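Visitor: I'd like to ask some things about the structure below.
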């Protein structure tokens, strides 16, 4: 059986879904195989992954105390 | 009712940081964000019968948050902001601006990497400014995907759009974000500085790179070229 491969054009079209862990198992595996052999697509993927991580670091978990008190009061009133 | 009052309270308090963070980025204002979260929680309690299961809670309450935000804008007749929420180019392909494509130089020395250097120099404020400047419909998908780590199906359920639209909207949103970052960097002269340093590195073919890497691995002395 011939081993299936994807080209750079398809890899680039799917690169964001790969970075978002949204590719199905088969497509994910084909993408990994392509990235192992294509330096240019691998660099692009690394760039997108690092940028996504940097954007994710903007997340703030801390809840301002006045909001926390307000919501607790609201929940009690239901 | 899919969840008890106790579970509702636990879920709300557990998601409060995320709700407040998303609300603040939608409203661009701390006071409005607090009002939006409070209104969302009140509406969610009244609509509890519409929650299908506890597992669906997160997408369900963020959908209420997003819809509350939009209805508040409609009430205020905030036309420019409403235009910004409605993405009209749903069928178009993803965005095509890429910082990587602007900066990547495949024949540079293997240790020179201008696009990664660009990322190293990006400050939190730069990213925040670029994100805040995005149209609402783009900003919300980036926030849900990259900050809140929602899956595509969760984003689709939250925004009540097909998964294909999530995919194309995210592509366009990230393209717009990169364009904004690129323009900021150009204004600071950052892109020129990174490019100038890259030009100092001599050109090299991939075959030469492989040879250099092999020589280094063998521990050869002298020039790697």
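What follows draws every value from the coordinates through simple rules; no lab data is involved. None of these values were measured; they are calculated from a predicted model. Backbone-built Cβ (ideal geometry, glycine too); neighbour counts: all protein chains shown.
Visitor: Take peptides B:135-145, B:64-74, A:16-26 and line them up by average Cβ neighbours within 10 Å, highest first, as a rough protection proxy.
Guide: Ranking the peptides B:135-145, B:64-74, A:16-26 by packing returns B:135-145, B:64-74, A:16-26.
Visitor: OK, next. Sticking with the crude label model, points 7 Å out along Cα→Cβ, report the distance from residue A:50 to residue A:27 in nm, one decimal please.
Guide: For residue A:50 paired with residue A:27, the spin-label model returns 2.6 nm.
Visitor: Please report Rg over Rh for segment A:10-78, where both radii come from the alpha carbon positions and Rh follows the Kirkwood definition.
Guide: 1.34
Visitor: Right, next: Taking every Cα atom in segment B:20-79, find the radius of gyration and the maximum pairwise distance Dmax, and write them in Å.
Guide: Calculated on Cα positions, Rg and Dmax stand at 11.8, 36 Å.
Visitor: Would you mind ranking B:169, B:129 so that the residue whose beta carbon has the fewest other beta carbons within 10 Å leads the list?
Guide: Going from sparsest to densest Cβ surroundings: B:129, B:169.
Visitor: Next up: What average count of beta carbons from other chains do you get within 10 Å of the Cβ of residues in B:37-49?
Guide: The per-residue average across the peptide is 2.
Visitor: While we're looking at this one, here's another question. Other chains near B:113-122: what is the mean number of their Cβ atoms within 10 Å of each residue's Cβ?
Guide: 3
Visitor: Enter the angle in degrees (range 0 to 90, nearest 10) between the Cα long axis of helix A:39-56 and the first principal axis of the Cα atoms of chain A, meaning the one along which they spread out most.
Guide: 0 degrees
Visitor: Partner chain Cβ atoms within 10 Å, averaged over the residues of A:16-24 - can you pull that number for me?
Guide: For this peptide, the per-residue mean of nearby foreign Cβ atoms is 4.
Visitor: Go ahead and set up a Gaussian network model of chain A, Cα springs under 10 Å, then flag whichever of A:68, A:43, A:29 fluctuates most.
Guide: A:68
Visitor: Report, to the nearest 10°, how far helix A:65-77 tilts away from the longest principal axis of the Cα atoms in chain A, using its own Cα long axis and a range of 0 to 90°.
Guide: 70 degrees
Visitor: Would you kindly state how much longer the chain becomes between residue B:13 and residue B:74 on full extension, computed as 0.36 nm times their sequence separation minus their alpha carbon distance, in nm to one decimal?
Guide: Separation in residues times 0.36 nm, less the Cα-Cα distance, equals 19.1 nm.
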